[in-house]
Each structure stands twice: as structure tokens, then as C-alpha cells.
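The values are calculated or read from the model by the stated rules, or taken from the named source; none is laboratory data. Please read all numbers here as calculations on a predicted model, not as lab measurements. For neighbour counting, all protein chains shown are included, and Cβ atoms are generated from backbone atoms with ideal geometry for every residue, glycine included. The accessibility values were calculated without ligands, DNA or RNA, using every heavy atom of the protein model including side chains. Shrake-Rupley method; radii C 1.70, N 1.55, O 1.52, S 1.80 Å.
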Amino acid sequence: MQYDPLPPDRAESASKRSSRPTTGTPPKRRALLGPKRQLILYWTVPVLVVLAVGAIAGVGLAAVIRVPRVESVVDFEPAQITRLFDREHQEFATFARERRVLIAEGEVPPLLEQAVLAAEDANFLEHGGIDIQGVARALFTNLMEGRHAMGGSTITQQLAKNLFLSPEKKWRRKVEEAFLAVELEKRFSKQQIITLYCNLMFMGHHNYGMAAAARSYFGKEVADLTVTEAATLAGIPQRPSAYSPYRRPDLVVQRRNYVLRRMHEEGFLSQEDYGAAIAEPLEVVTRGPEDDRARYFAEEIRKDLESRYGTHVLLEQGLQVETTLDAAIQASAEAALRAGLSRLDHLRGYRGPVEHLDTEDLEGVELPAWSRLDLRPGVWNQGVVLEVSDSQARVKLGGEIFDLTPAGVKWTGKSSPRQLIKAGDVAWFRFREAETEGGPELLILEQEPELEGAVVVLEAATGAIRAMVGGWNFERSKFNRVTQARRQAGSSFKPFVYGAALEMGYTPADTLYDAPVAFPGLPDEPPYSPRNYYRKYYGITTLRRALEESFNVSMVKLMDLVGAQQVLDFARRCGIESDLHPYPSLALGAVDLTPLEIAAAYAVFANQGLYVKPYLIESVREPNGNLLEQHSLTAHKAMDPELAYVLSHTLEGVIDRGTGVSARKIEAALAGKTGTTDDNSDAWFAGFTPKYSILVWVGHDVKKSIGRGMTGASAALPIWMQVVEDGLAGGWINPADEFIAPPGIVYQPIDYATGMLAGPGAGMIFKEAFVAGTEPAQPFNPRWTRIMGLPWYQQLAFYVPKAGERMPDGVADWDPIIQNWAADID
């Protein structure tokens, strides 16, 4: 490449300047011999060297310097983002080493292209890779300002550096960059080069390329950017770590306005449009809690994809993953779990602040958490207590100050904030929505609960996991309790005993004798004697009542009659894969299961006996649309439809009359079972609608009591109810749906207490479901009203034991059993 010599007038002027005497140097001349002269030498000498090398020995030097092959750009595929989409094809998570979304060639929006050219390379369309005018302009500007205020690299040179070279600041690298830029211009069109530039540049906050940055900062595609947004993005590549819209919005606005001014100077913007643009505030997407939605769901998919495709493909090949996630159901599950765990934690009182700041300038404090500040109602934020009085406390949240009144600490049982917090405390706060339209929002003091929990929602007919919440907060603990936590199932296991009994010919109207009983123990262990939760016995009871009210003794006796192996086999067919041991305590859920296992097994009951394997991924495609995998159902028959319906019908009674009765107020077809362990360390509610299986678990990661009286009904069921109520309000649960009885089901009015055919003098008459041919034959006799009113031990005289049923008189020595009970009480 050749350059024109200097014009005669400039050459003569330069000659005169060089022949001036050097004596009697004035003050300004002495100043040039100092830092400014060094600055001139710093900028002029290297530039002249580059020009000289390019003009005199370009071809020879190109052969000496090891320049990477420019042709390799043809096959270059930058790392792309793996994107996860919900069932409505809305992106909710990404995985990548470099968060990048590619713009196709020819699809760089004109506004964005103009902004980039104005900011980085106004002569891009005229030069051949190196802009001599730009270098001169940068040299002049830097000399005038006495600092490195402007760079001289063209867009093509910046692209060459990003594609082939290291960021080291050496002149050898600059020379290589110049030659590579020329070679790129020879082989690629201007449109290809500007597209590559827009796709490759680092844009801060893990974003690579303008498209990824547009989504991250503005929540939109590049084609939808406004001129101010385009200018903002165009200004970031110069110093992406400094120009952060979240950390330094002031610097970003200054840089954006510079780009807008350059666009105006280049004729891309009118004076009117320029004035309007620089007056606009910087508005970017809030990086708040909404970014944390479905984190456990996304992480479960990440682990699966990485195990099957490898880390490289997951993080660099831009997989497009359609998932089963339903955003509305996920939002309901997340909100319900947070509200439920917070409610339970409030029962324990306020434990104290997150930390305390010892500083006099509290109003000048900036918390790191405020980079994600979100003051919408319901969202938790950390705040700094500035001062406290008897009537209120002043709390700083970001750049604003709010009042915390006694109403905001009411849940603690204290009458004043002064009794709980002091100036300098950092604590959690949230706003509660105004009780009346236009009224004030109430600031509430909060604390992170020590408890953990899990919620999972399955579509029974397909196995699609529509929601998965693995804990209180993904940042606090990435352990997914839906899939990884193996916790004692408690009474939530009892339906599997009941189902096995139905397969053996038992019906809900059959009776057992609920009384003290003992089963052979392990070697060198005393006999096993179960007790009911409330430490009392109920005498003659139907199987329906035993399940509805969760009688432990009756359920252990039922498994003993049916056979433990039959129960194990039934549970296996329903999808329980964890280790099961045929001990009597298995009937009470003395087995560690995952919430997902139980939810999938309960889906069998709603799905007329068909087990469908749960899944998260619908399809996986390459960025070009090539299909890599498509989900297909994995299913098998677990039980007959008639038995599944009878079991579901019985579990409806848990909500109508049993341990889940607090959910009876919900106007929808619901069924389910509470689960509680002896020491109240695990609380469950596993339930279902005709369409969804919904499970909630509450407990600690380390096995310890949740608290006195914290049963499945009191700890887990309220969370389950909120999910269902949100589903009814949101429309994803249809109140008109019903459990449909398959052919072969008949209904028979029976006396609820005895299971006998309803007749004169019967108590509560109940329309029971039976498999045709299994209805009871014995009619109710009024004398049974008196019998059922007797204490359990007096009912024994009127009860006919089932063949093989263990009875109290079958125990030869009660002493070791009583001693064991006493030890449990201690």
C-alpha cells in the first residue's frame, strides 16, 4: 500500500521548521522537551514506523511475520448460548462460556450499524482495513488532550484482534493487526465484517455480541432497539468492564451521548432527534429476582444435557432446548413455597439482623445487593436501618428511605421496631401491597427461614414436569430437594399399602381392629408395636377411615395381612425406585424417597393406573434447527383403572373429612395424603387434581424436628393449597374437572363408621365406590351405633378378626413393648 507524499507547501513549511535555530529556546519550547515531547514521540514515531513499514516493505514483512490464516474465518463458528425455553417458547435460562446470540449476515439493523460506525469507524465504508485519516485524527486528538482519548483502530482491525491475536500491547501485535485487517477486507464484504464485529465483541456481564447485550440490558431483539439503546450498545465495546449499565450508569450515559453526538455529526441524526435522544434517561432491564425464576428447573436440565452431550456442546454449541416448564405454574409454586416457609419461620420469632455496620455515615452506605434492587411488592431486599424510635424506624433501600412502623413488625409479637433492630443493622425487608387502591404500601421486616422445602407439579397424563422448586433460594443452596433429597416419606407412603390391599380384594368398606398389637422384631430387638399419632386407638374401623385419618396401627396390620412383598411390588409399579425393605414400619413410610418419586407415583392414581415417567425436555435442536432429540412417552400400566379410581376416591376423603380437611373449602376436585414423621422432621402433602400431581415437602436439610405440631397438615398442606388456589385463579386448574370413573365402578350407600350397607338407623351415610362385585352384603343394624360408641377395648367382643390378623391377645409379653414406648417418650 502506497501513500501520497506531502504537498509542496507542507514540505516547505516542514523544511523551515526544521532549519530554525535551536538557541534561545522559549518557555513553550522547553515544555515540549518534557512530557509533551515524550507524548509526541510516543504517538508519532510508532505511527511513522508502521506507515514506513507498510509503504516500503509490506510484502516482504508479511512473509516474515507469522500471520494467522484469514481463510479460517470462513469456517469460524463462535461459541453460542444454549437457550432453554418454556412451553410457550419464552426463554428462561441460558448456559454458555460466552453469552452470545448471533445476528445473521445482512440483519444488522441500520440504527445499530450507524451507531457502531459513528462510535468506532466513520470511514469504514471507504477504507481498505486501515484508516489513515482516522489514525491522524486520533493522533491529533490525543496530542491536544494530553492523554489517550481516541483510538485509531478500524472496525476491521478490532475484528482481526478479536479473531486472531492476543490483547498484549506490543507493536508487533499492532503490525500483525494491520496486515490481518487488509487481508480481511480482501476476502470479506463490508456487510460480513460489520456482522462479525457485532457478533464477537465483548459487551460486559458475560454478554458477547450486540444481540445478547440487547436481550440482557433491554429485554428485546436488536431489530427493536431505539436509537438511544443502539448508541448505548455501540459505546460499550471500547471499555466493557467500565461501561456497565448497572455499576456505572453515569459513565454509560456519557459514552452513549458521545456516540449520539458522533451520529449527529455524521448525518445519521437530525438536530431535533439528537436533542431528544440525549435527553432520554438510561433505562435497562432490572436485574432483580425475576432473573432467578426456575433456577432449580434449569440446573436439572443443565446437568442432564452436560452428562449426555458434554461440556463443550452445552456451553459453546448453542443448543435450543424446548422444556416442559409452565411459567405460570412455576411462579405459583415459587411464591407459595416462599410464603409458606416464611410463615412457618415467623412462628419462631425474630432472630436478629443479617449483619451490623459500625459506621457513622449510614446514609452513605451502598450494599452490594442493591445492584439487584427491586422495590415491587413481595420482593425481598436488604436494607440498612438508619435510626430507630419507639414509633418507627427509618430504613434505607437503595437511594430511598422508608419508614418501618409497628405494623411492619407485628408478626414478631413486638410492639415497636426499637425492640428488634437498631441503627446500623442490615436486615431483609419487603413491601406488602396496599390494602386499598391508592393506599400506602406497608414495609415489612423479614428474615430468611432456616427451614427448607420443595414443590413439584407434574402433568399426570404426560409426565411433563410443569414446575420444580428445589428450595428456598438457589443462591443459598443449589441442592435440589425435589430430585436429590431422600427423606422419610411418613404417612404419604400409606396409599401404596392401601393400593396393594385393593389388588388383593379388599375394599374401602372392609374393617380392621385398631388396637395395640405387636409384630416380630429384628434379631435381638423387641417386638415392633406401632402407635397412632395421637397415642390412642380407634377399635373397629373401615379401611377408608384408616386412610383418611391416617391410623398407623391399622395400616401396619393391613400390610401384614396383604404381605410386604405385595406392597413393594405395587410401589415399584407406581414408579418408586428407591430401596424398599419389607419391615412392618414400611407401612408408615419408614423409607427415604425423593419428592419427585412420590409425585410421579401419585400421578398414577390420577391417570387411571398408568405410570408415565416424568421428564423435563421436549426437544433439543442445533442453532440451525437440526433436531437432535425429541421426547417420547415412557409409560406402563401400574394398576387397573378401576382400582386407581377407588384409591383416588378414598384419597378425596382425606380432604373431605380426614387429615387434609382444611383444603375442603377449595371448590375443585382434589385428592391427596398428608405425611408426617414421628419426630416431626419431615412434613408432606402429596395431592392431585384430575390433571396435575402436586407435592410439597417441608423440613431441614439435616434431620431435626420442624417444631411441635408441625405435621403435614399444618406445615405442608397450606403451601399446597396456595399452589392450587393460584392455579384456579390463574386458569391452569379447571374447577369443572372431575375424576372420571372408568367402566366397572359402582356406587353403594354405606354407613361410614361400619362399612355396612346403609339402612334404618345408620349414622353418616356415604356413597362409596366399589369395583363391581365387591360391594358389601351385610346391612346396617341399629345396634352397631351403640357398639361403635364403646371404648376400643370393649368393641373387641363384637369384632370378627380377619384370617391372620394380629390381635392384642396374641402378644405373650407386653413388658418389652411398654418399655420401648417409654423410651420413645423420653
- Given the residues ALA772, ALA736, ALA803, ALA762, which is the only one that is more than 49 Å from the chain's Cα centre (by Cα), open to solvent by 50 Å² or more (accessible area, probe 1.4 Å), at negative phi and hydrophobic (A, V, I, L, M, F, W, C)? ALA803
- Query: So GLU355 clears everything in (1) open to solvent by 20 Å² or more (accessible area, probe 1.4 Å); (2) in contact with a Ser or Thr (Cβ under 9 Å, 6 or more places away or on another chain); (3) touching a residue at least 60 places away in the same chain (Cβ under 8 Å) except one condition, right? Which one?
  - Reply: (2)
- So VAL285 clears everything in (1) modelled with pLDDT of 95 or more; (2) open to solvent by 40 Å² or more (accessible area, probe 1.4 Å); (3) of a type in the set (A, V, I, L, M) except one condition, right? Which one? (1)
- Item | Hits in the range 378-414 - residues which are touching a residue at least 40 places away in the same chain (Cβ under 8 Å) and open to solvent by 60 Å² or more (accessible area, probe 1.4 Å) | ASP403, GLY413, LYS414
- Item | Entirely in the range 157-263, the helices (runs of 4 or more DSSP H) that have 1 or more residues that are touching a residue at least 12 places away in the same chain (Cβ under 8 Å) and polar (S, T, N, Q) | 190-200, 227-235
- Note on the structure: For ALA753, the lone unmet condition from (1) touching a residue at least 40 places away in the same chain (Cβ under 8 Å); (2) surrounded by fewer than 18 Cβ atoms within 10 Å (Cβ to Cβ); (3) among the small types (Gly, Ala, Ser) is (2)
- Note on the structure: Across the range 97-123, the tally of residues that are touching a residue at least 40 places away in the same chain (Cβ under 8 Å) and assigned to a loop (DSSP other than H, G, I, E, B) stands at 12
- Note on the structure: The condition of being surrounded by fewer than 18 Cβ atoms within 10 Å (Cβ to Cβ) and more than 30 Å from ASP726 (Cα to Cα) holds, among LEU319, LEU305, LEU251, LEU260, only for LEU251
- Message: open to solvent by 50 Å² or more (accessible area, probe 1.4 Å), touching a residue at least 12 places away in the same chain (Cβ under 8 Å), in a strand (DSSP E or B) and on the phi < 0 side of the Ramachandran plot: which single residue out of LEU633, LEU628 fits that description?
- Response: LEU628
- Of residues in the range 361-377 being surrounded by 14 or more Cβ atoms within 10 Å (Cβ to Cβ) and out of contact with any Gly (no Cβ under 7 Å at 6 or more places or on another chain), the one farthest from ARG430 (Cα to Cα): VAL365
- Condition check for GLY490: open to solvent by less than 30 Å² (accessible area, probe 1.4 Å) and closer than 25 Å to THR677 by Cβ: yes
- Task: Answer yes or no: is there a residue in the range 533-545 that is hydrophobic (A, V, I, L, M, F, W, C), in a helix (DSSP H, G or I), open to solvent by less than 20 Å² (accessible area, probe 1.4 Å) and free of Cβ contacts under 8 Å to residues at least 40 places away in the same chain.
- Result: no
- Task: Any chance you could count how many residues in the range 99-114 are open to solvent by 60 Å² or more (accessible area, probe 1.4 Å) and not aliphatic (A, V, I, L, M)?
- Result: 4
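Conditions tested, residue by residue: (1) under 20 Å from ARG545 (Cα atoms); (2) in contact with a Pro (Cβ under 8 Å, 6 or more places away or on another chain).
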site	(1), (2)
PRO749	yes, no
ALA758	yes, yes
GLU768	yes, yes
GLY773	no, no
GLN778	yes, no
ARG786	yes, no
LYS802	yes, no
PRO808	no, yes
ILE817	no, yes
- Task: Tell me which of these LYS557 doesn't satisfy, since it passes every other one: (1) open to solvent by 20 Å² or more (accessible area, probe 1.4 Å); (2) of a type outside the set (Gly, Ala, Ser); (3) touching an Asp or Glu at 6+ places or on another chain (Cβ under 7 Å); (4) in contact (Cβ under 8 Å) with a residue 40 or more places away in the chain.
- Result: (1)
- Query: Can you find even one residue in the range 596-613 that is charged (D, E, K, R), within 20 Å of ILE694 (Cα to Cα) and free of Cβ contacts under 8 Å to residues at least 24 places away in the same chain?
  - Reply: yes
- Message: Checking the structure you have, find out if any residue of the range 470-477 is of a type in the set (A, V, I, L, M, F, W, C) and more than 35 Å from the chain's Cα centre (by Cα).
- Response: no
- Would you be able to say whether some residue in the range 632-647 is touching a Pro at 6+ places or on another chain (Cβ under 9 Å) and closer than 21 Å to ALA489 by Cβ? yes
- Query: Are any residues in the range 79-96 surrounded by 15 or more Cβ atoms within 10 Å (Cβ to Cβ) and outside any strand (DSSP E or B), and if so, which ones?
  - Reply: ALA79, ILE81, ASP86, ARG87, ALA96
